[in-house]
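Report on the structure given below.
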Amino acid sequence: MLKKGEKNKNALIPGVESYREGTGEFSLLGSVSLLSLSPGLEDMARLLAAYLTREGVTPVVGKGDHPGEGPAITLKIEGKAEEHEMGFPDESYHLEVQADRIALTAPHRAGLARAVQTLRQLAGTGTAIPAAEIGDRPRLPWRGMHLDVSRHFFSKEEVLRFIDTIALFRFNKFHFHLTDDQGWRPEIKKYPRLTEVGSRRSGTLIGHYSDKPHRFEDTPYGGFYTRRDMEEIVEFARVREIDIIPEIDMPGHMQAAISAYPELGCTGMTLEPRCTWGISQHILNPQETTLNFMRDVLDEIMDIFPYTFIHVGGDEAHKYEWEEQRRVQDRMAELGLESEEELQSWFISRMGEHVRRRDRRMIGWDEILEGGLADGAIVMSWRSEEGGIEAARLGAPVINCPCERTYFDYYQGPKEKEPLAIGGYLPLEKVYRFEPVPAEIPDSKKYLVMGSQGQLWSEYMETFDRVEYMAFPRALALAETLWCRPEEKDWEGFQDRLPRALSLLDRWGVNYHGREPRRG
Ligand code: ACM
């Protein structure tokens, strides 16, 4: 990594751990053979070939050979993977560029996937890549971006594009916020009304939630992903070694599901998916039938998303209906629970047991700490860093994503110059200066902080263009914060490198804050 103040010789974001200049350069003009020298890398070679084709190279993909004459790029699994104390794969890699050879090596596919993206960055900045030797590895194993597809729906193609863009900056987690009060998005075969009814609302709030009186656009709004769509998204992410964390938010944020199946609710009222923002008061009833329904939903979600981590939400569950309903109070008494917070913890713990039966791990927002933390749960701390500090004290793994540092639905510039956003103020530099491992956590427990992620709540992001505008370049600052060690970070250096990274986004047709208006 460059020392602070040293001129950047490459424009990589995140910065790489070591970069040694060589002599000569690898030309990107003409034909290049692309060889996977280890089994099982053909998909990655094809991905790299597709990226290079975009840069004007004519790649010829082969496998299991020694490169012959002419320029060649090779991919190889090599070396012993380091064991991570939390079981994450080794993402280190080595990338060597010579005049007629580029060699990508890593002890694990995950590292090779990062090397492919580093090469994609290098190839995107000219007609040749300067000779160099790069050694690289991340600081933290959880480097994520979140996307809310409930408040506004984004098509499968847009989701794929988002995953491909975050991959470019070596992110490795995509948190897919699939359900909320305003729309249920994943098709669930056993309960078709979830999407038939729950994916469509009759209108949408105009302007900001705090503007009174509320005005609505009464055009129906909806969308959902078929099982096939989700499988395609999983496959697309798999090649890029990005894990998807599906979230089914419960027991609050469930109005869309209760609209489809009123028996899931506490009141039996006829509802429809919420047309305004803010949080619904309607909450799941905690009867066994509801738990079984949610277990079925999680089963289908776990069938589709083959990853360790399953998110069950747990945030902002208004307990008003639980306090008011005799049936719920009786249930609490029957279970020997003394508060509604304990009831929520009991509910979340049952989901955690279910997830664990399939050898998965449950994540919840920090409210899951309130009535007692479920065994084995991972805490995603959003309201402040306190939840993460408390969770680590209890020995639980943490994803530290406090809203004031990682909520990319906040304004990123002066409010009067920006499109409508939820509020707050989170400029690029504040994201860059975020330290994801809170100092208050004792050193012996710091390993429990797996990393962080940027949040894109989509109330005020009607289009995918706006999603990209809010995400970038703040996600680049976060990517560097999570990939580089604190002593390697350098705000001035980051700013020097940013224009080249932004030109990569231009090349890939990605919108961002600060971009010149599109011409034509
Ligand atoms: C959240 O912002 N409700 C997690």
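Annotations for the structure displayed:
- So Glu492, is it of a type in the set (Asp, Glu), open to solvent by 10 Å² or more (accessible area, probe 1.4 Å) and at pLDDT below 95: no
- Given (1) of a type outside the set (A, V, I, L, M, F, W, C); (2) surrounded by 23 or more Cβ atoms within 10 Å (Cβ to Cβ); (3) closer than 23 Å to Arg515 by Cβ, index of the condition Lys415 fails: (2)
- Among (1) of a type in the set (Ser, Thr, Tyr); (2) open to solvent by 40 Å² or more (accessible area, probe 1.4 Å); (3) in contact (Cβ under 8 Å) with a residue 60 or more places away in the chain, the one test that Thr58 misses: (3)
- At least 2 residues being touching a residue at least 40 places away in the same chain (Cβ under 8 Å) and farther than 28 Å from Gly314 by Cβ is the threshold, and among the strands (runs of 3 or more DSSP E) wholly inside the stretch 100-192 those reaching it are 101-106, 128-136.
- Note on the stretch 235-268: among residues that are of a type outside the set (Val, Ile, Thr), more than 16 Å from the ligand (Cβ to nearest atom) and assigned to a strand (DSSP E or B), the one that is surrounded by the most Cβ atoms within 10 Å (Cβ to Cβ) is Gly265.
- Only residues that are in a helix (DSSP H, G or I) and buried (at least 22 other Cβ atoms within 10 Å of the Cβ) were counted in the stretch 213-232, giving 1.
- Of the residues making up the stretch 277-303, just one is surrounded by fewer than 16 Cβ atoms within 10 Å (Cβ to Cβ), assigned to a loop (DSSP other than H, G, I, E, B) and away from the ligand (no atom under 16 Å from the Cβ), namely Gln287.
- Selection from the stretch 426-461 of residues that are within 18 Å of the chain's Cα centre (by Cα), away from the ligand (no atom under 16 Å from the Cβ) and part of a loop (DSSP other than H, G, I, E, B): Phe434, Pro436
The values are calculated or read from the model by the stated rules, or taken from the named source; none is laboratory data. Please read these numbers as outputs of a predicted model, since none were measured by experiment. A quick note on method: Cβ atoms are made from the backbone with ideal geometry, for glycine too, and the neighbour counts reach across all protein chains shown. With ligands, DNA and RNA removed, areas are computed over all heavy atoms of the protein, side chains included. Shrake-Rupley method; radii C 1.70, N 1.55, O 1.52, S 1.80 Å.
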